[in-house]
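Each value in this text was obtained by applying a stated rule to the coordinates, not by laboratory testing. For clarity, every value in this text was computed on a predicted model and none was experimentally measured. Neighbour counts are summed over all protein chains in view; Cβ atoms, including those assigned to glycine, are modelled from backbone coordinates with ideal geometry.
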Amino acid sequence: MVTKPNVAEKRRWGRQKGTLNRFTIEAKELARVRGKKFLHKKTIEELKIAERELLEAKRKGHKLAKDYMEMIMVESYRVAQKYRYVNEALYYKYSSLCLDAGKFLAPYQSPTSGQFR
């Protein structure tokens, strides 16, 4: 026969009353990082899947799109400097490629004002 524990008895197992579970703690942290008050469960699950895929890609040695964009930016800058005093048209062509790559890369490298709230 199973008896109910006495209400006056101290809890012996599980979380203490009022303690948040792990999912709630992670959800609040993700919401805080993203600058939101609340994130839906589906959004949190999608973020966790994306994080797992990102870690798996890094573990396997795969490069991310932002890594390739940075390589393009650095290489186009190097080529632009090569043509700086030789051929003005090529200098401007490769400089604009470098600027375009930097424009697409900037959101991944620069902090935004939403992160400091």
Give the residue list of chymotrypsin sites (Phe, Trp or Tyr not before Pro) in segment 20-117 that are DSSP loop and have at most 11 other beta-carbon atoms within 10 angstrom. Phe38, Tyr85
Considering only DSSP states other than H, G, I, E and B, which trypsin sites (Lys or Arg not before Pro) in segment 34-113 qualify as loop sites with at most 10 other Cβ atoms within 10 Å? Lys37
Can you tell me the FRET efficiency between Leu47 and Ser96 if r is taken as the Cβ-Cβ distance and R0 is 35 Å, rounded to the nearest 0.05? 0.50
What order do you get for Val86, Val74 when you list them from fewest to most C-beta neighbours inside 10 Å? Val86, Val74
Most exposed first by the Cβ proxy, i.e. fewest other Cβ within 10 Å, how do Glu51, Glu26 rank? Glu51, Glu26
Between Glu75 and Gln109, what FRET efficiency follows from the Cβ-Cβ distance if R0 is 22 Å, with the result rounded to 0.05? 0.80
